[in-house]
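Here the structure comes first, spelled out in structure tokens, and everything after it is commentary.
The values are calculated or read from the model by the stated rules, or taken from the named source; none is laboratory data. Keep in mind that this is a model prediction, so the values were computed, not measured. Every residue, glycine among them, receives a Cβ derived from its backbone with ideal geometry; neighbour counts consider all protein chains shown. Only protein heavy atoms, including side chains, enter the accessible area calculation; ligands, DNA and RNA are left aside. Shrake-Rupley method; radii C 1.70, N 1.55, O 1.52, S 1.80 Å.
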Amino acid sequence: MKKGSNGMLEEQYLNLERYVLENGHQKSDRTQTGTLSTFGYQMRFDLSEGFPLLTTKRVPFGLIKSELMWFLKGDTNIRYLLQHKNHIWDEWAFKKWVESAEYDGPDMTNFGHRSLIDSDFNAQYQVQKDRFTKLILEDDAFAAKYGDLGNVYGSQWRAWKTSTGETIDQIENVIDLIKNHPDSRRMIVTAWNPEDVPTAALPPCHSLFQFYVADGKLSCQLYQRSGDIFLGVPFNIASYALLTAMIAKTCGLEVGEFVHTLGDAHIYSNHIAQVKEQLTRDPRPAPRLKFNQVHENIFDYEPADIVVEGYDPHPAIKAPVAV
């Protein structure tokens, strides 16, 4: 069903929130936060009708751009993100540091939740986070030890390690297939490698994506094994919609659909109030994606090359990250 400039494109996502609030199962989870969860849910976004950046709360497009370009560079160290004022992966690296023998500050156990409910702790947390950020940016050895997140998306996408010690650039390969064999059913990029799961800071949540070409349009379907509906999924929707648009430009195609298939889709128990607040808001018209510059090579893009126009969201709604 086409939704479009009246803002109804967003209803795909809002219906997911409503469905899980009404039908979700109470489940425990790795973070010990607790969730309302459902298994197997699909959303479809017609990218020709607008760019699916949520308007019922502000979603920072600048962070989505720099994160995606970090992935596309094959980088796994948060230093690049911090250089672009992007802090969305900080907590996993910060956790590694504060749990190490080298950390000499106050107790940071369960820092994500505590920082929201205890103002005294939050002040201590901010001091340590600022200290951590400064060390990552200025100390090469510290950044190498505590800034790297292991074999996360950038590594898996651009340098998949084979049993023979070679690497596979899945992004280059899939672009080659789209250009030269657009009817292929093997236009797939996978990030899930069972061998790497124990060592990655966060095993891949968006596990596999596949492209499809028809009528001069490029579509993408993502299988996401685990989706934090309130905080993570809005980023994932916009990121993969952006990736689809970038690859379409590179391959001389128009955009088709982004199909988002979720495995365990969940609302954390400490996000329920925020979800209910979001659902009181009316969606506004979807923005449009604009390329200030189009590059033949997808790896040449910089954040300033792509912007959104007509983005008029409701204010942001804060919520803790479950780490």
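If you take every DSSP beta bridge whose two residues both sit in the chain, what share of them, in percent to the nearest 5, is antiparallel? Please report the intermediate quantities before stating the final value.
Numbers: 32 of 42 bridges.
Roughly 75 percent of the DSSP beta bridges within the chain come out antiparallel.
For Ser226, nonlocal amide neighbours, meaning residues 5 or more places apart or on other chains whose placed amide H falls under 5 Å from its own, are Gly263, Asp264. Only helical runs count toward this figure. For the chain, summing -39,500 (n - 2.57) over DSSP H runs of n ≥ 4 and dividing by all residues gives -10500 deg cm²/dmol at 222 nm. For region 77-149, the relative contact order works out to 47 percent when only alpha carbon pairs closer than 8 Å and six or more residues apart are counted. Entry note, region 1-110: relative contact order of 18 percent, from Cα contacts under 8 Å with a spacing of 6+ residues. Here the 3J(HN,Hα) profile of region 225-240, calculated from phi with Karplus coefficients 6.51, -1.76 and 1.60 at θ = phi - 60°, is 5, 9, x, 6, 4, 6, 9, x, 4, x, 5, 4, 4, 5, 5, 6 Hz, Gly and Pro shown as x.
Return a whole-number percent for the relative contact order of region 171-323, with Cα pairs under 8 Å and 6 or more residues apart as the contact set. Intermediate values should be presented prior to the final figure.
Working: 207 pairs, mean separation 27.5, N = 153.
For region 171-323, the relative contact order is 18 percent.
What number of lysine-lysine pairs in region 145-292 show an alpha-carbon separation below 22 angstrom, given a sequence spacing of 8 or more or placement on distinct chains? Count of close lysine pairs: 6. In straight-distance terms, cross-link reach from Lys318 covers every one of the aspartates and glutamates whose alpha-carbon lies under 12 Å from its own, apart from those fewer than eight places away in the same chain; here that gives Glu277.
Of the peptides 280-286, 72-78, how do they stack up when ordered by the mean number of other Cβ atoms within 10 Å, highest first? Please report the intermediate quantities before stating the final value.
Details: 280-286: 16.3, 72-78: 19.6.
So the order, starting with the most tightly packed, is 72-78, 280-286.
At q = 0.11 Å⁻¹ the log10 of I(q)/I(0) for the chain amounts to -0.73, computed by Debye summation with a single uniform scatterer per C-alpha, solvent ignored.
When the Cα positions of Ser115, Leu81, Gln128 are compared along the charge dipole of region 77-149, Leu81 comes out farthest toward the positive end, with charges on each C-beta of Lys, Arg, Asp and Glu. Cβ under 12 Å from Arg114's Cβ, Arg114 left aside: what net charge do those residues give with Lys, Arg +1 and Asp, Glu -1? That works out to -3. For region 118-189, a simple Cβ point-charge model (Lys and Arg +1, Asp and Glu -1, everything else neutral) yields a dipole of about 260 debye relative to the Cα centre.
Counting only protein heavy atoms and a 1.4 Å probe, region 77-149 has 54 square angstrom of accessible area per residue. Temperature 20 °C, viscosity 1.002 mPa s: under these conditions the Stokes-Einstein estimate for region 1-137, based on its Kirkwood radius over C-alpha pairs, is 117 µm² per second.
Just add up the charged neighbours of Gly24: K/R +1, D/E -1, any other residue whose Cβ is under 11 Å from the Cβ of Gly24. Don't jump to the answer; show the numbers that get you there.
Numbers: positive: Arg18, Lys27; negative: Glu17, Glu22, Asp264.
Net charge around Gly24: -1.
Under 37 °C and 0.692 mPa s, how fast does region 77-149 diffuse according to Stokes-Einstein, given a Kirkwood radius computed over C-alpha pairs? Answer in µm²/s, whole number. Mind showing how you got there, number by number?
Values: Rh = 12.4 Å.
The calculation lands on 265 µm²/s.
Can you tell me the convex hull volume per residue for region 164-312, based on C-alpha atoms, in Å³ to the nearest whole number? Spell out each step's value before the answer.
Values: hull volume 23.6 nm³, N = 149.
Value for region 164-312: 158 Å³ per residue.
So, with a 1.4 angstrom probe, what is the percent of accessible area on the chain that is carbon and sulfur? All intermediate terms of the calculation are to be shown ahead of the outcome.
Numbers: 7300 of 15200 Å².
Answer for the chain is 48 percent, counting heavy atoms of protein chains only.
Here region 75-154 is treated with +1 on each Lys and Arg Cβ and -1 on each Asp and Glu Cβ, and its dipole about the Cα centre works out to around 180 debye.
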